[in-house]
Amino acid sequence: MERVVLNFIILSSCLILKTYQSEEFHHSTEDEVIFRVTRGVHSHDNECRYKKSSWSECDSSNLQRKTLNLKRGDSTCEQTKVVTRHCKKTCKYEKGEWSECETNSKVRTATLKPKSDSSCQPTRTLTKKCKKACKYNKQAAWSECDFATGKKSKVLNLKNGSPQVCEAQKKITRSCQKAS
């Protein structure tokens, strides 16, 4: 019995909250925006249709505005609505050449192209790890299969690359079941 009374109280509270709830939904088509406003349980849905305008230029606060003018609706509809959004920055850069590798990384500077957003950084620096320019002679023969480990190996000798950066020899191992 207590559970039934508790459920009734919870349902009644939800209904009371729903009665005073006011929500605004909108749907957008190619040339208009539709707002549906629900006010109270007994009132009917009110549909306000607005004609879209173009987005304004970005202002100093990096916002754009679009004014919506009432196309169809009753007296509860606002005559105009203003919608705002953050501007997308159009930062386009001319990429420079990569520098030589130093301390295992290389750098390039990109410079802002003309007609880009003035709030963009004038230059930006890109850093990338250098690939080791180590080339090994892969013609070495595979060892016999080690049945204890199920693996075979071969030793590759440095063909091209700096001995200061590259290992003189490189041992590679693979499963005996792979083709040689």
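The values are calculated or read from the model by the stated rules, or taken from the named source; none is laboratory data. Note that this is a predicted model, so its numbers are computed, not measured. Cβ: placed from backbone, ideal geometry, glycine included. Neighbour counts: every protein chain shown.
Against the conditions (1) on the phi < 0 side of the Ramachandran plot; (2) without any contact (Cβ under 8 Å) to a residue 12 or more places away in the chain; (3) of a type in the set (S, T, N, Q), where does T103 fall short? Just the number, please.
Condition not satisfied by T103: (1).
Report, by residue number, each residue of the stretch 107-146 that is more than 30 Å from C58 (Cα to Cα) and among the small types (G, A, S).
As a first pass, look at the stretch 107-146 and keep what is more than 30 Å from C58 (Cα to Cα): 107-108, 127-146.
Across the stretch 107-146, the qualifying residues are A133, A140, A141, S143.
Could you list, in sequence order, the residues of the stretch 52-76 that are exposed (fewer than 11 other Cβ atoms within 10 Å of the Cβ) and not acidic (D, E)?
S54, S60, S61, S75, T76
Residue pairs, Cβ under 8 Å, 6 or more apart or interchain, first in the stretch 137-163 and closer than 13 Å to T173 by Cβ, second of a type in the set (F, W, Y) and modelled with pLDDT of 90 or more. List them.
So the pair list comes out as K152/W142; S153/W142; K154/W142.
Being modelled with pLDDT of 90 or more, closer than 30 Å to C87 by Cα and part of a loop (DSSP other than H, G, I, E, B) is the filter here; which residues of the stretch 114-170 pass it?
Of everything in the stretch 114-170, just one residue is modelled with pLDDT of 90 or more, closer than 30 Å to C87 by Cα and part of a loop (DSSP other than H, G, I, E, B), namely P122.
Checking V155 against (1) surrounded by 14 or more Cβ atoms within 10 Å (Cβ to Cβ); (2) out of contact with any Gly (no Cβ under 6 Å at 6 or more places or on another chain); (3) hydrophobic (A, V, I, L, M, F, W, C), which test does it fail?
Here V155 meets the rest and fails (1).
Hey, among the residues in the stretch 128-152 that are loosely packed, with under 10 Cβ neighbours inside 10 Å and among the basic types (K, R), which one's nearest to the chain's Cα centre (by Cα)?
The selected residue is K129.
Can you tell me which residue in the stretch 63-81 is nearest to K51 (Cα to Cα), limited to those that are assigned to a loop (DSSP other than H, G, I, E, B) and charged (D, E, K, R)?
Looking at residues that are assigned to a loop (DSSP other than H, G, I, E, B) and charged (D, E, K, R), I get E78.
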